[in-house]
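Here is the structure we will look at.
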Amino acid sequence: MDFNSEYYQLLPKANHTELLKRQQENIKRLTSLKKGIRSLRERADCLPHLKAAHLDFSGDAVTIGKADEISLADRDKLLAALKEFMPWRKGPFSIFGVDIDAEWRSNRKWDRLLPVLPDLKDKVIADVGSNNGYYMFRMQHYNPKLVVGFEPYLHHYFTFRMLNGFAGCSNLELELLGVEDLGLFTESFDVVFLMGILYHRISPVDCLKEIKKAMTPGGTLIVESQAIPGQEPVALFPEGRYAKVPGTYFVPTGTCVKNWMIRAGFSQVEIFCSHEMNSDEQRRTDWMDFESYTDFIDPQNPALTVEGYPAPLRVFLKGIS
Ligand SMILES: C[S@@+](CC[C@H](N)C(=O)[O-])C[C@H]1O[C@@H](n2cnc3c(N)ncnc32)[C@H](O)[C@@H]1O
């Protein structure tokens, strides 16, 4: 099954006609016979009989199944499929006893949210830029009604599809949509997580305004962003790449993000966390063998990126729609 539209009934104000059209277009993409897509699909669906009995989303590692739930032959097949989904950017995971040490220790970001996390029980939630679903599974621990992941990349879509194929969480849905599609979801979400996204948007305030329209009044938005140090409400606009990452537009201070959120119409906006990045939290591992944090930072001066810009902080904010 590629997509489920039954859950739209939980989003009565969303534009169902357009969403169904998008799903049909995306089904065509997913069922394409192009070699790259076919191989992602075959990998994601290679162990359809594996259904995890043991699930634990409460700890640092999202745990789906235990080692003794599967045969040795299936374990070999599983390990090969998981390896083929490299690079693993977000994690950690433990899948039927296979431990995946991803580039990011995403559990640390999650831990920073916990002091302000709203009650997620029975809530309708959007995770924008959901990647392989790590945070969606962490949200699942709190028994939400529905979590919709917005993730336009096929690699991440198929990774999540394989993981949730094993986990069988019917209230977790990942759509091949982007933050720019949130306009289709009028007053739909009680809680929105917008993490690692804003600095990739060419118009961050328009993005926040669209998100506000997609939220139920009184809902909670959690924003996490790359940031520069400083108290002034300003943003760095790199000439090209920032920390080697293309597609980075405004890298704001925490106060700047706060003002963007206020100007987009959010109330009770607060910065609840700000911290420096480091190579212990984002690093090369056996499951991500490309460049990582240390390669993005000036080796002579860790306060600068390789381009000579201020090295990134991460800021966390919360606002009410
Ligand atoms: C920096 S990662 C952040 C992932 C995760 N939210 C986190 O905080 O760890 C950005 C994610 O957004 C996804 N993405 C890229 N373009 C997007 C778009 N237009 N809308 C939503 N997500 C997008 C990327 O594929 C990637 O998974």
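None of the figures in this text is laboratory data; all of them are computed from the coordinates on show. Here the structure is a predicted model, which means the values were calculated and not measured. With ideal geometry, Cβ positions are generated from the backbone for all residues, glycine too; neighbour counts draw on all protein chains shown.
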Report, in debye and to the nearest 20, how large the dipole of the stretch 189-321 comes out about its Cα centre when Lys and Arg carry +1 and Asp and Glu carry -1 on their Cβ.
600
Listed residue pairs exceeding 30 Å between alpha carbons, taken from K51/K318; K28/K90; K51/K209; K83/K123
K51/K318; K51/K209; K83/K123
Placing +1 on the Cβ of each Lys and Arg and -1 on the Cβ of each Asp and Glu in the chain, which of A235, S130, S292 has its Cα farthest towards the positive end of the resulting dipole?
S130
Gap separating the Cα centres of the stretch 8-35 and the stretch 95-134, nearest whole Å:
25
Filtering the chain for DSSP H helices with an axial alpha carbon extent of at least 27 Å and a Kyte-Doolittle mean of at least 0.5 returns none
Please list the non-local residues whose amide H lies under 5 Å from the amide H of K123, H modeled 1.01 Å from N, same-chain partners needing a gap of 5 or more.
K145, L146
Go ahead and run the numbers for FRET between F272 and N4, Cβ-Cβ distance against an R0 of 41 Å, rounding to 0.05.
0.75
Zone residues, the stretch 78-97, relative to H49, backbone N less than 20 Å from point 7 Å out along Cα-to-Cβ:
78-82, 96-97
Would you mind classifying the chain by shape? Square roots of the alpha carbon gyration tensor eigenvalues, ordered a ≥ b ≥ c; an a/c under 1.5 is rounded, otherwise it is prolate if a/b is larger than b/c and oblate if not.
oblate
Subtracting the Cα-Cα distance from 0.36 nm times the residue separation, let me have the gained length for E291 to D56 in nm, one decimal.
81.5 nm
Computed about the Cα centre, the charge dipole of the chain from +1 Lys/Arg and -1 Asp/Glu charges at the Cβ has a magnitude in debye, to the nearest 20, of 580
What FRET efficiency comes out for S170 versus S279 if R0 is 56 angstrom and r is the Cβ-Cβ distance? Round to the nearest 0.05.
0.90
Using a 10 angstrom Cβ neighbour count of at most 11 plus a DSSP loop assignment to flag exposed trypsin sites (Lys or Arg not before Pro), which longest range of the chain is free of such sites?
122-321
Calculated from DSSP helices alone, with each H run of at least 4 adding -39500 (n - 2.57) and the total divided by the residues of the chain, [θ]222 nm to the nearest 500 comes to -8500 deg cm²/dmol
Round to the nearest 0.05 the FRET efficiency obtained for R75 and D119 when R0 = 41 Å and r is the Cβ-Cβ distance.
0.60
For the stretch 278-287, take each phi angle, set θ = phi - 60°, evaluate the Karplus expression 6.51 cos²θ - 1.76 cosθ + 1.60, and give the result in whole Hz per residue in order, putting x for glycine and proline.
7, 7, 8, 8, 10, 7, 5, 9, 5, 9
For the residues I100, I27, I202, what sequence is obtained by ranking on other C-beta atoms within 10 Å, fewest first?
I202, I27, I100
Can you sort F85, F189 by how many other beta carbons sit within 10 Å, fewest first?
F85, F189
Ascending count of other beta-carbon atoms within 10 Å, so fewest first, for T294, T248, T255
T294, T255, T248
